[in-house]
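**Student:** Please find one structure pasted underneath; my questions will follow.
Every number here is computed from the coordinates shown, using simple stated rules; none is lab data. Fair warning: this is a prediction, and the values are worked out from it, not measured in the lab. Virtual Cβ from ideal backbone geometry, glycine too; neighbours counted across all protein chains shown.
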Amino acid sequence: MTSLQPIIKHLTVKPGSKVSLKKHPSNWTGGLRNEGHADEMLQDGVRQLAKMQERLYAQNTHSILIIFQAMDAAGKDGTIRHVMSGINPQGCQVFSFKAPSAEERDHAYLWRSMKAVPERGRIGIHNRSHYEEVVIARVHPAILQGQQLPAPIKNDKRIWKQRFAHINDFERYLSENGTVVLKFFLNVSREEQKKRFLERIDDPAKNWKFSAGDVHERGFWPDYMKAYEDVFTHTSTP
């Protein structure tokens, strides 16, 4: 476990630091020699995770919330499938957050995330999350304007700082009540994303994953990177 500490430190945003994704190349391997080496580490980690899950379930005092955020085709589904493959499915629940439903729009934006927080003894995974409200809603102002908010709120220039504060308060509340919050951004380059989109077109088994809307979003890449950098800067906390 000690050998992983430098990798973990490299990948963790230091609270209060300003983040530039350009300083975090997406092809960094952390010293892994090849795919075989990576697979060995993965399988060892899965075995350890399965043992720890049993303890988590038996103690029934804590829960774990794992949040995955990423650009399209970064591998969220694959990561969840590979990393969680060895745990007991009865102790794990996965929620994929799409565009809010009419019911969800009738509530404050953190409502649906709170509903999906795991019970004690369980692992909860959020495939996308409340962070969409400070990423996609920021990149596309029409989304924010379409939310059923009072005009003074949605037109307030301080809204993003306010939402960062909401999120920090929400996660601190969870942490102080026994939920361990682990947040992961899967970093993919624009070039690698294009390659994966083309694979989805060429491979019949992956056609279902392809969406013209995903291609459209590539045009907003710089805006997404800036939004994510702001998120990391303001919501990485002790």
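**Student:** Say we join alpha carbon atoms closer than 10 Å with springs in a Gaussian network model of the chain; which of 85, 20, 211 then has the biggest fluctuation?
**Tutor:** Answer for the Gaussian network model of the chain: 211.
**Student:** Additional query: Estimate the FRET efficiency between residue 175 and residue 195 by the formula 1/(1 + (r/R0)^6), using the beta-carbon distance for r and 41 Å for R0, to the nearest 0.05. Mind showing how you got there, number by number?
**Tutor:** Numbers: r = 38 Å, r/R0 = 0.92.
Efficiency, rounded to the nearest 0.05: 0.60.
**Student:** Report, by chain and number, residues whose modeled amide H sits under 5 Å from the one on residue 62, excluding near sequence neighbours (fewer than 5 apart, same chain).
**Tutor:** 121
**Student:** Within 10 Å of each candidate Cβ there may be at most 12 other Cβ atoms; applying that plus a DSSP loop requirement, which trypsin sites (Lys or Arg not before Pro) in segment 1-86 survive? Let's see the in-between values first.
**Tutor:** Working: sites: 9, 18, 22, 23, 33, 47, 51, 55, 76, 81; in loops: 18, 33.
Listed in order of number, the matching sites are 18, 33.
**Student:** Projected onto the charge dipole of the chain (+1 at Lys/Arg Cβ, -1 at Asp/Glu Cβ, origin at the Cα centre), which of 165, 111, 52 gives the Cα projection farthest towards the positive end?
**Tutor:** Value: 165.
**Student:** Next question, about the same structure. Taking a cut-off of 22 Å, what percent of all Cα-Cα pairs in segment 33-235 are separated by more than that? Walk me through the intermediate numbers first.
**Tutor:** Numbers: 11585 of 20503 pairs.
I get 57 percent for the Cα pairs in segment 33-235 exceeding 22 Å.
**Student:** Counting helices only, and only those DSSP H runs with n ≥ 4, report the 222 nm mean residue ellipticity of the chain as the sum of -39,500 (n - 2.57) divided by its residues, in deg cm²/dmol to the nearest 500. List each step's numbers first, then the result.
**Tutor:** Details: 12 runs with 115 residues, N = 238.
Calculated at 222 nm, the ellipticity per residue is -14000 deg cm²/dmol.
**Student:** Oh, and also: Just to be sure I understand: with springs between alpha-carbon atoms less than 10 Å apart, which residue in 180, 215, 117 has the highest mean-square fluctuation in the Gaussian network model of the chain?
**Tutor:** Taking springs between Cα atoms under 10 Å, the residue moving most is 215.
**Student:** Given +1 on the Cβ of Lys and Arg, -1 on the Cβ of Asp and Glu, and no further charges, what dipole in debye does the chain carry about its Cα centre, rounded to the nearest 20? Each step should come with its number before you reach the end.
**Tutor:** Values: 35 positive and 27 negative charges, 100 e Å.
Roughly 480 debye for the chain.
**Student:** Express the relative contact order of the chain as a whole percentage, based on alpha carbon pairs under 8 Å and six or more residues apart in sequence. List each step's numbers first, then the result.
**Tutor:** On the way: 248 pairs, mean separation 77.7, N = 238.
Normalised by residue count, the contact order of the chain is 33 percent.
**Student:** Here is a further query. Find the Rg to Rh ratio for segment 159-238, where Rh is the Kirkwood radius over alpha-carbon pairs and Rg uses the same atoms. Present the calculation step by step, with values, prior to reporting the outcome.
**Tutor:** On the way: Rg = 17.1 Å, Rh = 15.4 Å.
Result: Rg/Rh = 1.11.
**Student:** Scan around residue 183 for amide H atoms under 5 Å from its own, H built in the peptide plane at 1.01 Å from N, and keep only partners 5 or more places away or cross-chain.
**Tutor:** 67
**Student:** Test of understanding: what is the full-extension gain from residue 49 to residue 106, defined as 0.36 nm times their sequence separation minus their Cα-Cα distance? Display every interim value, and only then the final one.
**Tutor:** Working: separation 57, 0.36 × 57 = 20.52 nm, distance 3.79 nm.
Using 0.36 nm per residue and subtracting the Cα-Cα distance, I get 16.7 nm.
**Student:** Apply the Karplus parameterisation 6.51 cos²θ - 1.76 cosθ + 1.60, with θ equal to phi minus 60°, to every residue of segment 61-69 and state each ³J(HN,Hα) to the nearest whole Hz, in sequence, with x for glycine and proline.
**Tutor:** 10, 10, 9, 10, 10, 10, 10, 10, 10
**Student:** Continuing with the same structure: Using alpha-carbon positions, what is the distance between the centroids of segment 51-89 and segment 164-190, in Å?
**Tutor:** 14
**Student:** May I ask for the Rg/Rh ratio of segment 7-56, computed from Cα atoms with Rh as the Kirkwood radius, given to two decimals? Don't skip to the end; give the middle numbers.
**Tutor:** Working: Rg = 14.8 Å, Rh = 13.5 Å.
For segment 7-56, the value is 1.10.
**Student:** Are there trypsin sites (Lys or Arg not before Pro) in segment 100-197 that DSSP puts in a loop and that have at most 10 other Cβ atoms within 10 Å, and which ones? Numbers along the way, then the final one.
**Tutor:** On the way: sites: 105, 112, 115, 120, 122, 128, 138, 154, 157, 158, 161, 163, 172, 183, 190, 194, 195, 196; in loops: 120, 122, 128, 157, 158.
Passing sites in segment 100-197 are 157, 158.
**Student:** With unit charges on the beta carbon (Lys/Arg positive, Asp/Glu negative), name the residue among 20, 212, 97 whose Cα is farthest towards the positive pole of the charge dipole of the chain.
**Tutor:** The Cα lying farthest towards the positive end belongs to 20.
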